[in-house]
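A quick write-up on the structure given underneath.
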């Protein structure tokens with residue numbers, strides 16, 4: 001019989017929960033072997049080092065800019081990093097956006113502009129602290145957590161305190177700003193309020209009547225645009241636990257399930273959650289970075305399979321995921337390393353030279369009459385060099401057997417088979433772990 005492998009099932013705290021693959025991304029493809037496969041998620045190959053740890057990046061006027069440590073830098077196609085100016089470093093991610101003729105940088109709760117040759121610091125005391133920033137309709141809009149502040153149209157270094165705005169549908173703090181379909185969205189902790197540009201002498205943006213979204217965002221970094229169709233964020237309504245949400249088409253939809261929400265609930269510093277969207281040919285992924293791991297959602301596979309295609313991303317032997325702040329420049333995604341001052345290209349399977357383990361569980365087997373499992377075989381593509389795959393099983397979803405290794409010789413035609421010859425009284429589940437690039441399409445059990 002064929003056992004589904006795109007997502008497994010395990011037991012946690014006495015109940016059945018989803019068990020998603022780690023460092024293996026689900027893809028829907030009719031290969032003749034099966035309707036889908038698990039493919040090793042890309043790692044990062046080092047291309048450059050910078051003056052500090054990476055804090056974010058953007059492409060402006062076909063130049064790749066990043067904030068590394070306290071420096072604004074440019075990164076050439078050959079990997080040369082040039083320090084341009086000092087923008088401070090408080091250890092938090094930086095924000096970058098651009099308007100006509102200026103690149104805006106939010107760093108250490110301050111606002112800076114880069115015009116291609118020189119840096120300007122917005123020193124107007126009416127600006128206040130800058131917790132988030134964006135460009136919209138000629139204005140650079142910021143928030144200090146209480147108000148929405150816009151710079152003057154004719155002088156982006158100047159702020160008029162009589163032109164402050166606020167989100168008054170709910171008294172929750174403003175955690176971030178976002179631009180979507182020509183409107184300014186003020187993201188509060190429990191609500192999101194859209195504004196439209198109406199001009200005038202006061203605050204130029206007016207609340208969109210009836211547009212309030214009854215779910216808020218936890219922080220300025222816990223959000224990302226998803227193409228031009230909508231945006232995703234981590235947050236909740238008042239009195240509810242955190243979830244991953246998507247807003248598009250006039251409604252907010254919950255993307256996460258209980259398995260993801262359980263991890264969000266135990267995050268010690270939810271304000272440090274980061275989100276990003278990575279776009280590949282024919283594929284988009286939403287990635288939620290937590291302290292111990294990152295959760296990724298394949299949108300194309302979710303749409304094709306009509307089922308959420310979540311998978312976890314981790315580095316090393318299931319440690320925190322190191323690859324952050326992907327920027328597409330040309331045909332390459334450039335990422336930073338959370339553990340060093342290195343930059344890399346998304347490719348291969350190693351994370352800046354470190355091997356990363358993968359793992360997946362097959363779907364739970366159940367037969368009230370019991371069963372004898374004599375043979376299990378994986379079908380797919382395996383590393384073309386000597387390696388190993390480790391197999392374990394459980395009869396109750398809680399206690400797992402010791403791992404049994406299966407050597408891989410690197411031959412394309414080798415069969416990857418285990419013969420456990422074990423009895424299942426009612427149910428059982430199987431788990432595999434390994435390293436190296438794989439594409440696993442099918443699991444068969446006798």
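The values are calculated or read from the model by the stated rules, or taken from the named source; none is laboratory data. As the structure is a computational prediction, the values presented were derived from the model and not from experiment. Glycine also receives a Cβ, built like all others from the backbone with ideal geometry; neighbour counts cover every protein chain displayed.
The table below gives the values:
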{"item": "Lone qualifier among 56, 79 - being in a strand (DSSP E or B) and either buried (at least 16 other Cβ atoms within 10 Å of the Cβ) or modelled with pLDDT of 90 or more (or both)", "result": "56"}
{"item": "Matching residues in the range 204-245 - criterion: being assigned to a strand (DSSP E or B), closer than 19 Å to residue 274 by Cβ and in contact (Cβ under 8 Å) with a residue 40 or more places away in the chain", "result": "223, 224, 225, 226, 230, 231, 232, 233, 234, 235, 244"}
{"item": "Among the candidates 202, 210, 239, residue that is surrounded by fewer than 22 Cβ atoms within 10 Å (Cβ to Cβ), in contact with a helix residue (DSSP H, G or I) (Cβ under 8 Å, 6 or more places away or on another chain) and over 30 Å from residue 300 (Cβ atoms)", "result": "202"}
{"item": "Test: residue in the range 91-113 that is crowded, with 19+ Cβ neighbours inside 10 Å, under 28 Å from the mean Cα position of the chain (by Cα) and farther than 23 Å from residue 275 by Cβ", "result": "yes"}
{"item": "Residue identified as surrounded by 23 or more Cβ atoms within 10 Å (Cβ to Cβ) and at pLDDT 95 or above among 44, 48", "result": "44"}
{"item": "Filter pass, residue 413 being without any contact (Cβ under 8 Å) to a residue 24 or more places away in the chain and either surrounded by 18 or more Cβ atoms within 10 Å (Cβ to Cβ) or within 20 Å of residue 37 (Cα to Cα) (or both)", "result": "yes"}
{"item": "Filter result (touching a residue at least 60 places away in the same chain (Cβ under 8 Å) and assigned to a loop (DSSP other than H, G, I, E, B)) within the range 418-435", "result": "426, 435"}
{"item": "Residue 116 part of a loop (DSSP other than H, G, I, E, B), under 30 Å from residue 198 (Cβ atoms) and in contact (Cβ under 8 Å) with a residue 12 or more places away in the chain", "result": "no"}
{"item": "Members of the range 343-389 that are in contact (Cβ under 8 Å) with a residue 60 or more places away in the chain, more than 27 Å from the chain's Cα centre (by Cα), farther than 20 Å from residue 414 by Cα and in a loop (DSSP other than H, G, I, E, B)", "result": "364, 367"}
